[in-house]
1. Between a first residue in segment 2-27 that is in the same structural domain as Ala135 (by TED's automatic domain parsing) and near the ligand (Cβ under 8 Å from one of its atoms) and a second residue that is part of a loop (DSSP other than H, G, I, E, B) and open to solvent by 40 Å² or more (accessible area, probe 1.4 Å), which pairs have beta carbons less than 6 Å apart while being 6 or more apart in sequence or on different chains?
2. Do the conditions hold for Leu188, that is, is it within 30 Å of Glu357 (Cβ to Cβ), in contact (Cβ under 8 Å) with a residue 12 or more places away in the chain and of a type outside the set (S, T, N, Q)?
3. Listed residues Gln249, Gln336, Gln301; which is within 20 Å of Thr388 (Cβ to Cβ), more than 16 Å from the ligand (Cβ to nearest atom) and of a type outside the set (A, V, I, L, M, F, W, C)?
4. Among Leu353, Leu317, which is the only one that is touching a Gly at 6+ places or on another chain (Cβ under 6 Å) and open to solvent by less than 30 Å² (accessible area, probe 1.4 Å)?
5. Quick check on Lys392: is it over 19 Å from the mean Cα position of the chain (by Cα), of a type outside the set (Gly, Ala, Ser) and open to solvent by 60 Å² or more (accessible area, probe 1.4 Å)?
6. Among what's in segment 179-193 and is in a loop (DSSP other than H, G, I, E, B) and at pLDDT 95 or above, pick the residue that is least open to solvent (accessible area, probe 1.4 Å).
7. Looking at Asp309, Asp271, Asp290, which is the one that is within 15 Å of the ligand (Cβ to nearest atom), in contact (Cβ under 8 Å) with a residue 40 or more places away in the chain and surrounded by fewer than 20 Cβ atoms within 10 Å (Cβ to Cβ)?
8. Enumerate the pairs (first residue in segment 347-358 and among the aliphatic types (A, V, I, L, M); second residue anywhere and open to solvent by less than 60 Å² (accessible area, probe 1.4 Å) and in a loop (DSSP other than H, G, I, E, B)) with beta-carbon separation below 8 Å, excluding pairs fewer than 6 apart on the same chain, so at least 6 apart or on different chains.
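The values are calculated or read from the model by the stated rules, or taken from the named source; none is laboratory data. Only a predicted model underlies this, so the values are computations on that prediction, with no experimental measurement involved. Cβ placement follows ideal geometry from the backbone for every residue including glycine, while neighbour counts extend to all protein chains displayed. Protein only, heavy atoms only, side chains kept; ligands, DNA and RNA dropped before computing areas. Shrake-Rupley method; radii C 1.70, N 1.55, O 1.52, S 1.80 Å.
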Amino acid sequence: MAADIHDIIIIGGGVGGSALAKAMAEAGAEVLVLERETQFRDRVRGEAIMPWGVVEAVELGIRDVIASSGGHELPWWNTYQGSRRPGHRDLVATTRAGAPALAIYHPVMQQALIEAAASAGATVSRGARVVGVNANGTPRVTVETGHGREAFRARLIVAADGRGSLAREWGGFQVRRDPEQTLVAGVLLDGVTASDDAAHVGLDTQGGRFVLIFPQSQGRARCYFCYPEASGLRMTGQQDLPRFVQESQKAGVAAEYYQQATAAGPLATFDAAAVWVEHPYKPGVALIGDAAASSDPTWGQGLSLAIKDARVLRDHLLSNDDWEEAGNAYADEHKQYYGVVHTAELWHSELLLETGEEADVRRARALPLWREDRSRNPDTFFSGPGETLDEKARRRFFGEE
Ligand SMILES: Cc1cc2nc3c(=O)[nH]c(=O)nc-3n(C[C@H](O)[C@H](O)[C@H](O)COP(=O)(O)OP(=O)(O)OC[C@H]3O[C@@H](n4cnc5c(N)ncnc54)[C@H](O)[C@@H]3O)c2cc1C
């Protein structure tokens with residue numbers, strides 16, 4: 001570190017920030033992680049990494065950290081429609097990733113990764129809230145701790161401060177948003193009786209509702225209920241738990257799964273619309289994870305994207321001494337792969353979650369064709385953003401050819 005200038009300052013010790021800190025510290029970089037929380041708590045975030053994200057985690061060297069701190073493998077993907085279970089998918093055998101999904105309690109994963117970053121040599125400061133970023137000259141952050149304000153300088157600042165990122169505003173990034181369509185409510189439940197070797201997913205296309213259960217073993221499961229924003233319903237707090245259970249059952253979850261369920265954490269509801277930055281790099285500042293693009297949680301891609309962002313940025317920084325070029329190369333690549341995931345999310349939301357006559361006509365046309373030819377539905381959510389989602393792919397997806 002030359003004259004108190006770090007190689008990298010990372011704002012936020014979430015999955016994205018800590019994973020990058022660990023990887024860059026292992027490669028010999030001087031890394032400072034600034035995390036505002038002194039103790040991680042349940043913020044009702046993602047707790048299931050899809051198979052392609054697990055492969056990214058292996059490449060970044062964090063898969064074992066997650067697995068050994070309580071990661072629970074989900075080799076099966078069960079889908080439900082009403083009382084039927086039409087799908088029982090073997091994720092290892094049928095995805096290009098060739099891996100199971102991995103479920104873990106988010107605060108435990110954050111703690112394990114930030115400790116791994118510190119063990120790799122990163123300096124970790126907890127209770128350190130960043131209150132400003134200045135990228136003019138040598139990039140600089142201003143931090144508030146219990147001892148007052150302090151400024152730190154670095155060759156590169158990485159904003160990994162999550163879906164409400166302020167750092168991207170301070171960095172002058174232009175933020176884009178999809179229109180609101182879906183809300184996602186989530187809660188950690190104990191006493192869930194769904195088998196714990198599978199993710200359980202119920203879809204009610206008539207009501208535009210979608211339920212996801214990600215078991216973490218011994219009856220504990222992270223459960224989500226996705227529903228139309230137009231319903232005007234916003235579930236929050238323990239008093240809404242009976243409603244959460246009731247609505248989830250209406251959307252296709254077997255009634256007995258939740259019969260004995262009790263809350264093991266807060267219940268909260270979020271807007272699901274994607275919020276993203278087209279080119280998440282400006283001189284001296286890169287954005288990763290939700291700060292770069294918070295995707296619609298309905299489709300469970302956020303953790304995989306955050307891990308991929310850290311892996312791709314690491315690879316560019318380590319292969320190019322010119323970090324200006326490396327940052328732009330990361331941002332170009334991000335635009336491509338996030339673009340594919342985002343397109344897949346928009347198509348699935350339009351086809352599966354929109355309600356009304358036109359939506360029913362679209363489904364009546366497309367879904368029977370999917371059953372005849374599975375390749376019409378790109379496997380992006382499980383296998384990753386490797387496919388090109390062009391106009392031809394769109395027409396095949398919607399059954400227009
Ligand atoms: C309801 C819901 C369900 C989801 N379900 C899934 C799922 O099933 N699968 C999936 O893959 N993804 C899911 N996601 C998305 C996933 O949770 C996120 O994509 C992922 O957590 C992003 O990680 P991150 O490191 O970018 O941000 P975060 O996890 O938000 O971490 C940001 C960190 O920055 C810190 N921070 C923020 N501001 C400051 C500051 N000013 N100074 C210092 N520190 C700061 C925060 O304390 C936090 O520790 C879901 C999201 C939601 C909301």
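1. So the pair list comes out as Ile11/Asp161; Gly12/Asp161.
2. no
3. Just one listed residue meets the conditions, Gln336.
4. So the residue among Leu353, Leu317 that is touching a Gly at 6+ places or on another chain (Cβ under 6 Å) and open to solvent by less than 30 Å² (accessible area, probe 1.4 Å) is Leu353.
5. yes
6. Val192
7. Matching residue, one of Asp309, Asp271, Asp290: Asp271.
8. Listed by first residue and then by second, the contacts come to Leu351/Phe398; Leu352/Thr205; Leu353/Thr205; Leu353/Gly208.
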